[in-house]
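I have placed the structure first, in the form of structure tokens, so that the comments after it can refer back to it.
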């Protein structure tokens with residue numbers, strides 16, 4: 001534990017965690033335990049009695065079988081909603097109405113209408129609603145943004161994000177009745193990063209979603225291409241059917257490009273100002289050849305620093321600053337709304353394909 005975490009004099013935010021599964025327990029409770037001066041779990045809610053007992057024994061907190069009992073707990077300031085995807089909006093709004101701040105696991109909502117209701121409710125009751133888009137803190141994502149926004153690659157024509165794997169899955173995240181599927185599970189991370197590269201204006205969306213290896217009825221192969229009225233095309237692949245994974249990042253621009261993954265990135269570019277101009281010449285080329293010229297490439301690279309401790313902790317630090325120090329939210333619900341619009345479109349396309 002760092003000195004920053006152990007010596008900060010604070011009044012801990014009193015947290016109630018709804019849902020003690022992989023996310024609620026494995027991410028949120030574990031992260032909260034890393035910040036004992038800033039956060040304290042005072043209550044949990046889960047349908048499983050064994051998980052409730054584990055929480056009571058480990059955290060010394062109260063436990064409930066019904067999330068609404070937790071919402072009524074006057075000691076709870078902040079509710080972490082990590083229940084099934086289909087209940088995220090319902091539980092978020094109910095917790096806000098009970099006077100709690102809310103941290104909502106991804107997806108923030110399954111429809112834009114639900115996202116808007118959560119945002120409007122938070123404003124009306126004077127509480128914060130915070131989408132848990134922790135991957136927005138990833139160092140590789142920030143480096144890609146830095147390189148793209150520097151202009152060194154020229155006008156960006158394509159941003160491709162790929163999350164490839166090969167394997168079967170058979171838990172609740174494969175069932176539509178729970179609001180599940182790859183697009184709702186891991187898709188919000190990819191979409192949330194992808195929308196940062198889109199330009200302005202109305203979106204055109206192509207979506208090909210299929211159930212391939214999953215045991216349930218939800219999709220596990222997703223190809224989504226999004227284009228705004230301005231800016232590059234954003235091409236996203238999230239699939240369980242790729243035994244040969246490709247780069248997480250592929251960026252194409254008029255002066256160069258970038259490739260790489262979460263731990264290492266490489267980019268190269270041409271400084272066109274040092275190259276001769278090439279006006280159109282309709283005359284036959286010598287020896288009937290194609291146009292060719294020697295390009296003077298400049299190259300750079302980046303590697304992730306080992307000291308990076310995790311995007312969840314970074315998110316919680318900023319959330320604490322918003323709750324206790326009145327600092328602005330880094331991840332706002334309004335910023336998550338745009339990816340929700342794409343997610344809603346993709347889910348509708350997939351459901352229509354099942355009819």
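You will find that of 156, 161, the residue that is under 19 Å from the mean Cα position of the chain (by Cα), more than 30 Å from residue 91 (Cα to Cα), outside the structural domain of residue 98 (by TED's automatic domain parsing) and crowded, with 20+ Cβ neighbours inside 10 Å is 161 and no other.
From the list 228, 218, 255, 214, which one is in contact with a strand residue (DSSP E or B) (Cβ under 7 Å, 6 or more places away or on another chain) and either closer than 21 Å to residue 346 by Cβ or in the same structural domain as residue 189 (by TED's automatic domain parsing) (or both)?
255
Got at least one residue in the range 217-227 being farther than 30 Å from residue 311 by Cα, modelled with pLDDT of 95 or more and more than 19 Å from the chain's Cα centre (by Cα)? Yes, the range 217-227 has at least one match.
Given the criteria surrounded by fewer than 20 Cβ atoms within 10 Å (Cβ to Cβ) and either closer than 24 Å to residue 140 by Cβ or touching a residue at least 24 places away in the same chain (Cβ under 8 Å) (or both), does residue 219 qualify?
Criteria not met by residue 219.
Of the residues 54, 74, 90, the single one that is out of contact with any strand residue (DSSP E or B) (no Cβ under 8 Å at 6 or more places or on another chain), over 25 Å from residue 126 (Cβ atoms) and in the same structural domain as residue 22 (by TED's automatic domain parsing) is 54. Only strands (runs of 3 or more DSSP E) whose full extent lies in the range 36-112 are considered here, and the ones with at least 3 residues that are under 28 Å from residue 336 (Cβ atoms) are 39-45, 78-81, 101-104. Screening the candidates 347, 324 for the property of being outside the structural domain of residue 79 (by TED's automatic domain parsing), more than 17 Å from residue 132 (Cβ to Cβ) and crowded, with 18+ Cβ neighbours inside 10 Å yields one hit, 347.
Residue-by-condition table, conditions (1) modelled with pLDDT under 95; (2) surrounded by fewer than 24 Cβ atoms within 10 Å (Cβ to Cβ); (3) more than 20 Å from residue 46 (Cβ to Cβ):
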position: 80; (1), (2), (3): no, no, no
position: 98; (1), (2), (3): no, yes, no
position: 102; (1), (2), (3): no, no, no
position: 110; (1), (2), (3): no, yes, yes
position: 116; (1), (2), (3): no, yes, yes
position: 127; (1), (2), (3): no, yes, yes
position: 130; (1), (2), (3): no, no, yes
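Which of the residues that make up the range 124-148 are over 15 Å from residue 194 (Cβ atoms), without any contact (Cβ under 8 Å) to a residue 40 or more places away in the chain and either part of a strand (DSSP E or B) or out of contact with any strand residue (DSSP E or B) (no Cβ under 6 Å at 6 or more places or on another chain) (or both)? Of everything in the range 124-148, those that are over 15 Å from residue 194 (Cβ atoms), without any contact (Cβ under 8 Å) to a residue 40 or more places away in the chain and either part of a strand (DSSP E or B) or out of contact with any strand residue (DSSP E or B) (no Cβ under 6 Å at 6 or more places or on another chain) (or both) turn out to be 124, 125, 126, 146.
The values are calculated or read from the model by the stated rules, or taken from the named source; none is laboratory data. Since the model is a prediction, treat every value here as computed from it, not as a measurement. Here Cβ is always computed from backbone atoms with ideal geometry, including for glycine, and neighbour counts include all displayed protein chains.
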